[in-house]
Amino acid sequence: MEGMEEKKSKVILHGMWASTYSKRVEIALKLKGISYEYVEEDLKNKTESLIQLNPVHKKIPLLVHDGKPVAEPLVILDYIDETWKNSPPFYPEDPYERAQVRFWVSYINQQVFEVMGRVMLQEGEAQTKSVKEARERFEVLEDGLKKHFPNKTIRGNDDVGLLDIIIIASFGVHKAIHEAIGVETIDPLNTPTLYNWIERLQQLPVIKEVQVPHDRLVTFLQKYRQEHLQQAAKA
């Protein structure tokens with residue numbers, strides 16, 4: 001009966017093709033084998049559905065399950081994992097291992113992702129300072145991955161959990177960022193664990209399904225950066 005109910009459920013994802021936050025949810029849905037309808041949002045002209053269903057933040061991604069909206073990326077990922085309990089589970093069974101996953105996901109979101117946003121949208125001395133800070137934070141992440149996940153294997157979908165989703169969605173585009181702005185923060189020499197982690201995830205068919213074309217993303221990032229710098233210059 002439970003399986004029949006899941007098959008009948010309707011899932012809609014409001015997202016944006018270049019958003020790493022949207023990619024997190026897309027990957028999660030694909031991993032769980034959940035069929036869904038995708039609504040591409042123009043962030044400068046959002047649909048009425050998005051605004052009405054997410055009145056607090058009016059942001060993507062937004063998951064709508066049988067008419068019920070669920071907002072905020074991590075909240076959505078937990079909702080997916082708790083609603084569809086089939087493999088793969090997004091968290092390990094061991095409480096300490098779960099705590100480590102939550103800690104490093106939080107570190108990526110609050111520390112690494114934040115500084116990378118500054119690197120993307122700055123220039124000159126400000127960017128140089130942020131690049132140095134970003135590399136320091138990536139080194140901390142590198143050490144954390146080596147220390148707390150020394151036996152990590154990635155052979156198939158069952159090896160992919162929440163931390164993997166966050167890593168590949170956030171940093172799987174690092175080569176496009178490097179080409180777009182000329183700054184490299186993840187490489188085999190300085191962050192080999194993280195670099196290889198990303199490379200192994202990118203070989204999985206489920207990840208390839210949602211990957212954005214490299215050239216299209218580079219063009220988008222260059223345009224986005226240029227528009228931001230022009231607006232900042234006028235302010």
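The values are calculated or read from the model by the stated rules, or taken from the named source; none is laboratory data. Because the structure is a prediction, the values reported are computed rather than measured. No Cβ is skipped: glycine too gets one built from the backbone with ideal geometry, and neighbour counts run over all protein chains shown.
The criterion of being touching an Asp or Glu at 6+ places or on another chain (Cβ under 8 Å), among the hydrophobic types (A, V, I, L, M, F, W, C), under 23 Å from Leu31 (Cβ atoms) and in a helix (DSSP H, G or I) holds for Leu194.
A count restricted to segment 79-133 and to residues that are closer than 23 Å to Gly33 by Cβ, polar (S, T, N, Q) and at pLDDT 95 or above stands at 1.
Of the set (1) within 18 Å of the chain's Cα centre (by Cα); (2) more than 30 Å from Lys223 (Cα to Cα); (3) not in a loop (DSSP other than H, G, I, E, B), all apply to Phe90 but (3). For segment 148-207, a residue qualifies if it is under 22 Å from Ala134 (Cα atoms), polar (S, T, N, Q) and surrounded by 15 or more Cβ atoms within 10 Å (Cβ to Cβ), and the qualifying residues are Ser170, Thr185, Thr191, Thr193. Of all the residues in segment 55-90, those that are in contact with a strand residue (DSSP E or B) (Cβ under 6 Å, 6 or more places away or on another chain) and either in the same structural domain as Val206 (by TED's automatic domain parsing) or touching a residue at least 40 places away in the same chain (Cβ under 8 Å) (or both) number 7. If you scan segment 21-66, which residues turn out to be surrounded by fewer than 19 Cβ atoms within 10 Å (Cβ to Cβ) and aliphatic (A, V, I, L, M)? If the condition is that a residue be surrounded by fewer than 19 Cβ atoms within 10 Å (Cβ to Cβ) and aliphatic (A, V, I, L, M), then Ile34, Val39, Leu43, Ile51, Val56 are the ones that fit. Being among the charged types (D, E, K, R) and either buried (at least 20 other Cβ atoms within 10 Å of the Cβ) or touching a helix residue (DSSP H, G or I) at 6+ places or on another chain (Cβ under 8 Å) (or both) is a description that applies to Asp81.
The single condition among (1) in the same structural domain as Ile166 (by TED's automatic domain parsing); (2) in contact with a Ser or Thr (Cβ under 8 Å, 6 or more places away or on another chain); (3) crowded, with 17+ Cβ neighbours inside 10 Å that Trp104 does not satisfy is (2).
Residues in segment 137-151 include at least one that is within 22 Å of Tyr107 (Cβ to Cβ), more than 20 Å from the chain's Cα centre (by Cα) and of a type in the set (Lys, Arg). Scan segment 152-208 for residues that are over 18 Å from Glu139 (Cβ atoms), small (Gly, Ala, Ser) and in contact with a helix residue (DSSP H, G or I) (Cβ under 8 Å, 6 or more places away or on another chain) and the total you get is 5.
Assess whether Val75 counts as being assigned to a helix (DSSP H, G or I), hydrophobic (A, V, I, L, M, F, W, C) and either closer than 24 Å to Ser170 by Cα or touching a Cys at 6+ places or on another chain (Cβ under 8 Å) (or both). It is true that Val75 is assigned to a helix (DSSP H, G or I), hydrophobic (A, V, I, L, M, F, W, C) and either closer than 24 Å to Ser170 by Cα or touching a Cys at 6+ places or on another chain (Cβ under 8 Å) (or both).
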